[in-house]
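Notes follow the structure.
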Amino acid sequence: MFVSRKMPGSPKCDRPSRNSRGTAAPIPMAGASVAAGLILLLAGLAIWTPATSAQPIPADAQATATVPAALFASWFESGTPTLDGVVKPADSVAFSNDPGLQNVDFYQWSEQMFLWLTSPAPITYGGGGGRIFSSPAFFDVSPPDQNGIRTFIPHELGLIRPFHLRAAKFGAHALPVILDRAGKMFEVERPKLGPTGKQLILNGEGKLVEFGRITLEKDGKERKPIFLDEEGKRIVNARPFIRPELRKSAVVARFATGNSQIFLNVFGNVIDTEEGQADNGVLLTQSGALIYYATMVNDVFAYFLTGTKGGGITPMPTQFPTTQAELNKVVTFAAAHGKTFPDPNALAIEIKTSWVETAGLANASSYITMVGTVPTYDKTDPKHWIPNGQKTVQLALVGMHVVGSANGHPEMIWATFEHFGNTPNATYTYNSTGGPNPKTVTQDTSGTWLFCPNGATSNFNTPLQSANGADIVSNSNNPIGPSNTIRFKPWGGAAGQDPNPLVADIAASNTQIISMNNSVRGQLVGADIRKNYFFMGATWTIGGAPPSGSFPNGNGVGTSQLANTTMETFQTISSSFSASNNCFGCHVGNTTSVSHVFPGLKKLF
């Protein structure tokens with residue numbers, strides 16, 4: 001059930017209370033305490049402004065979600081904030097999971113995890129060098145092979161690792177997804193091929209047959225698909241093949257029609273998608289540079305999976321570890337194989353990252369970077385790029401999903417971060433210390449952005465090209481090139497729909513995320529490179545239950561309209577798109593299958 005919106009009272013003293021970790025417990029500030037809390041927080045600190053943003057985070061947001069100075073200092077290994085200092089992970093075993101904290105503990109968990117992952121790796125993480133997420137305490141996860149199998153790729157110092165183009169976005173049944181014009185999400189069934197390699201359909205008798213081609217004819221306002229055999233004869237009452245177990249779900253089949261593609265539901269009706277909509281769109285910067293992606297998991301995740309699939313952890317777990325007892329089984333199993341975790345209480349962590357070459361970036365020094373191998377392409381045909389080799393380049397981090405299990409939350413907490421230079425925001429509201437409230441920040445695309453042209457006004461978030469196997473193919477008759485990208489739902493709140501039950505409205509929810517950014521980035525020291533990345537929000541379910549949709553129609557809460565413009569670029573087609581299209585629209589359940597890499601990932605040994 002939903003909890004009350006009643007705000008907690010002001011703290012009785014200015015000394016932070018202590019939680020089970022021995023660190024300062026979070027103190028949310030509300031009502032009359034806002035101004036005083038903001039003064040205490042910023043005392044002695046330089047006013048923080050992002051170095052690379054043409055649309056800065058409002059500095060006057062009410063301080064409704066902060067990290068008190070004593071708590072922030074306790075995050076650092078040294079016990080005090082230092083320039084690019086090493087941050088400890090959040091203690092996920094002792095996560096408070098307290099509704100009375102009005103979401104603040106979830107947002108603090110997210111921020112601490114990001115600062116930990118992007119900290120310089122100390123010697124305890126396998127030799128030091130690089131960032132913690134790229135240290136030997138983490139593993140890369142390969143893209144799925146033709147059989148859907150993934151493998152762990154150990155991180156080794158000095159190893160130059162491969163990065164890949166965007167993989168298809170997967171839904172609840174591990175199938176790629178698309179959106180119709182109303183923003184409803186559909187999964188795309190894998191094509192069933194006949195003996196000559198052509199796609200199969202069901203004919204009027206319900207038998208599987210190959211077809212030669214498909215055409216569309218107008219039937220009033222509707223488009224009607226016509227399937228033809230090899231001789232050009234119509235196949236009467238033809239319809240797509242969709243597996244029986246999926247026919248009651250939102251699943252469609254994809255068919256090529258000349259230079260474009262269409263999607264048909266189980267009845268053979270055309271699903272009206274946005275122009276160029278594809279399940280594996282390729283993102284380019286405004287200068288034409290490709291965006292590459294990587295998925296990584298920590299050592300706890302890797303040994304938990306290996307022990308679960310290999311029988312070394314009994315009884316066989318069905319959920320990610322969230323308690324000390326569950327963690328102890330993973331630690332014991334790892335120790336039996338000579339492995340000690342540097343930070344076991346982080347629990348199971350999965351991160352997804354997006355990257356661009358630093359060559360050509362005007363402000364490359366503002367990014368976290370690493371060296372990787374990426375594919376090269378023959379671009380002779382501007383509408384069809386063909387891979388012709390690879391190159392080793394320096395890459396800049398542009399986005400990161402931080403996902404992890406925590407006490408009471410086997411469905412995991414899903415948080416996301418972006419670089420300030422990525423894209424402009426659509427119009428949003430928040431609550432200011434000066435009022436009148438809510439205060440509106442109007443959409444402004446002017447300026448220099450990585451993924452949006454100066455002054456763009458339309459055609460946002462349309463995939464102009466897609467990955468077709470290893471090739472990149474235009475979705476139209478236009479050359480492959482950059483899209484107009486915008487952040488339609490800044491701070492994870494949808495237009496006209498409250499994202500969670502613990503705040504009064506969308507403006508109040510936005511204010512929490514904005515003030516959390518101001519709090520954390522205002523306390524980072526000097527030119528700490530992590531200041532150049534901002535927190536967009538986090539989502540989870542009430543009580544860790546299986547997701548049932550986004551609040552108010554379901555139990556997905558927090559900033560439950562969350563999307564990262566570098567990773568969900570083509571799933572956010574308008575400011576009012578369907579509430580089902582957040583993280584839990586694809587990651588369904590609170591078992592290990594909530595991670596799409598877990599089911600097909602081979603154990604370590």
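The values are calculated or read from the model by the stated rules, or taken from the named source; none is laboratory data. The structure displayed is predicted, hence computed values, not measured ones. Glycine gets a Cβ as well: all are built from the backbone with ideal geometry, and neighbour counts include every protein chain shown.
One table, with the values for the structure above:
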{"item": "Filter pass, residue 141 being under 18 Å from residue 415 (Cβ atoms) and surrounded by 21 or more Cβ atoms within 10 Å (Cβ to Cβ)", "result": "no"}
{"item": "Residue 409, sole failed condition from (1) over 19 Å from residue 493 (Cβ atoms); (2) surrounded by fewer than 22 Cβ atoms within 10 Å (Cβ to Cβ)", "result": "(2)"}
{"item": "Output for segment 306-320, where each listed residue is over 18 Å from residue 604 (Cα atoms) and surrounded by 13 or more Cβ atoms within 10 Å (Cβ to Cβ)", "result": "319"}
{"item": "Residue within segment 200-212 that is at pLDDT below 85 and either over 25 Å from residue 468 (Cβ atoms) or not in a loop (DSSP other than H, G, I, E, B) (or both) present", "result": "no"}
{"item": "Qualifying residue in segment 466-478 (condition: touching an Asp or Glu at 6+ places or on another chain (Cβ under 9 Å), surrounded by fewer than 23 Cβ atoms within 10 Å (Cβ to Cβ) and in a loop (DSSP other than H, G, I, E, B))", "result": "yes"}
{"item": "Of all residues in segment 343-399 being part of a helix (DSSP H, G or I) and touching a strand residue (DSSP E or B) at 6+ places or on another chain (Cβ under 7 Å), the one that is surrounded by the most Cβ atoms within 10 Å (Cβ to Cβ)", "result": "346"}
{"item": "Lone qualifier among 377, 293, 303 - being over 26 Å from residue 596 (Cβ atoms) and aromatic (Phe, Trp, Tyr)", "result": "377"}
{"item": "Counted residues, segment 372-411 - those being among the aliphatic types (A, V, I, L, M) and either touching a Cys at 6+ places or on another chain (Cβ under 6 Å) or at pLDDT below 95 (or both)", "result": "2"}
{"item": "Options 97, 103; residue that is surrounded by 24 or more Cβ atoms within 10 Å (Cβ to Cβ) and on the phi > 0 side of the Ramachandran plot", "result": "103"}
{"item": "Odd one out for residue 115 among (1) modelled with pLDDT of 95 or more; (2) touching a Ser or Thr at 6+ places or on another chain (Cβ under 9 Å)", "result": "(2)"}
{"item": "Single residue of segment 227-267 satisfying the filter (modelled with pLDDT of 85 or more and under 10 Å from residue 201 (Cβ atoms)) that is surrounded by the fewest Cβ atoms within 10 Å (Cβ to Cβ)", "result": "241"}
{"item": "Meets criteria (buried (at least 24 other Cβ atoms within 10 Å of the Cβ) and charged (D, E, K, R)) for residue 489", "result": "yes"}
{"item": "Options 577, 598, 570, 584: the member that is buried (at least 21 other Cβ atoms within 10 Å of the Cβ), at pLDDT below 90 and not in a helix (DSSP H, G or I)", "result": "577"}
{"item": "Check on residue 463, surrounded by 20 or more Cβ atoms within 10 Å (Cβ to Cβ), under 16 Å from residue 567 (Cβ atoms) and touching a Gly at 6+ places or on another chain (Cβ under 9 Å)", "result": "yes"}
{"item": "For residue 507: the one exception among (1) assigned to a helix (DSSP H, G or I); (2) farther than 30 Å from residue 591 by Cβ; (3) under 19 Å from the mean Cα position of the chain (by Cα)", "result": "(3)"}
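Residues checked against (1) among the small types (Gly, Ala, Ser); (2) farther than 23 Å from residue 370 by Cα; (3) not assigned by TED's automatic domain parsing to the domain that holds residue 486:
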site	(1), (2), (3)
293	no, no, no
302	yes, no, no
321	no, yes, no
327	no, yes, no
331	no, yes, no
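Yes/no per residue for (1) in contact with a His (Cβ under 8 Å, 6 or more places away or on another chain); (2) in a helix (DSSP H, G or I); (3) within 26 Å of residue 161 (Cβ to Cβ):
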| site | (1), (2), (3) |
| --- | --- |
| 73 | no, yes, no |
| 89 | no, no, yes |
| 93 | no, no, no |
| 96 | no, no, no |
| 108 | no, yes, no |
| 136 | yes, no, yes |
| 145 | no, no, yes |
